[in-house]
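Working notes for the structure below.
The values are calculated or read from the model by the stated rules, or taken from the named source; none is laboratory data. For clarity, every value in this text was computed on a predicted model and none was experimentally measured. All Cβ positions, even for glycine, are placed from backbone atoms using ideal geometry, and neighbour counts span all protein chains on display. Just the protein is used for accessible areas: all its heavy atoms, side chains included, with ligands, DNA and RNA removed. Shrake-Rupley method; radii C 1.70, N 1.55, O 1.52, S 1.80 Å.
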Amino acid sequence: CYSQYSRLMVQNSTPEIEMLVRNDLAEVMARTIDLAGLSGSGANAQPKGILNQTGINTVSMGTNGGAVTLEAMLDLRNAVAAANVDPTRGSFIINSKTETALLKLKTSGSGEYLFAPEGSMAGPAGLQVKSIAGNPVYVSNQLTSSGTKGTGTGLSTAVFGDFSQAILAMWGALEILP
């Protein structure tokens, strides 16, 4: 990453301008690391991300993809458990499009929302979108929302796993020099 600001900007602003630039650079680097860890190609000095690993269990949403359901999320959790991973240690990673779709899910009987909106109490089924089956749900827009499968387009990816077991090694350290 590279950022440039003028001496005049430093002189005419509060001392926090340097910290603002440092924080911005650190955030850009964090997003880049997130992207590499999730979907890195394994080529051109990129690590191979989780989605490009061979031998991971997947859940098919049909020939052309499909709408997200609570059942599909639980099937994803079960696919990982079937590989002898303790599901109680796992967490979900979804993108904001999937989060919105989950927030819109309603119960079939009363039509009430299944998940509570952020910052409120749990929904009628006792679930919050930040937790599914007791597992945390994290949102990263580094997961695609423009995937294709068959004739389906605009599809999203969701991931479940015990990410405490994932290793992303870096040589050196993050340095943001004045």
Tell me, which residue of the stretch 86-104 that is in a loop (DSSP other than H, G, I, E, B) and either at pLDDT below 90 or under 19 Å from the mean Cα position of the chain (by Cα) (or both) is surrounded by the most Cβ atoms within 10 Å (Cβ to Cβ)?
-> 90
The stretch 46-58: number of residues that are within 17 Å of residue 158 (Cα to Cα), part of a loop (DSSP other than H, G, I, E, B) and open to solvent by 50 Å² or more (accessible area, probe 1.4 Å) = 6
Kindly list the number of the only condition in (1) open to solvent by less than 70 Å² (accessible area, probe 1.4 Å); (2) in a helix (DSSP H, G or I); (3) out of contact with any Pro (no Cβ under 6 Å at 6 or more places or on another chain) that fails for residue 43.
-> (2)
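Does residue 34 satisfy the criteria of being acidic (Asp, Glu) and within 16 Å of residue 145 (Cβ to Cβ)? If you could, list the steps in order and put the result at the bottom.
Details: acidic (Asp, Glu): yes; within 16 Å of residue 145 (Cβ to Cβ): yes.
Yes: the conditions hold for residue 34.
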Determine the pairs where a residue that is closer than 20 Å to residue 80 by Cβ and part of a strand (DSSP E or B), located within the stretch 150-171, has a partner that is among the aromatic types (Phe, Trp, Tyr) and at pLDDT 90 or above with Cβ atoms under 9 Å apart, the partner being 6 or more residues away or on another chain.
-> 159/92; 160/92; 161/92
Tally the residues that are open to solvent by 50 Å² or more (accessible area, probe 1.4 Å), at pLDDT 90 or above, among the aliphatic types (A, V, I, L, M) and not in a helix (DSSP H, G or I), restricting the search to the stretch 60-78.
-> 1
Every residue from the stretch 9-39 that is acidic (Asp, Glu) and either farther than 18 Å from residue 95 by Cα or without any contact (Cβ under 8 Å) to a residue 40 or more places away in the chain (or both) | 16, 18, 24, 27
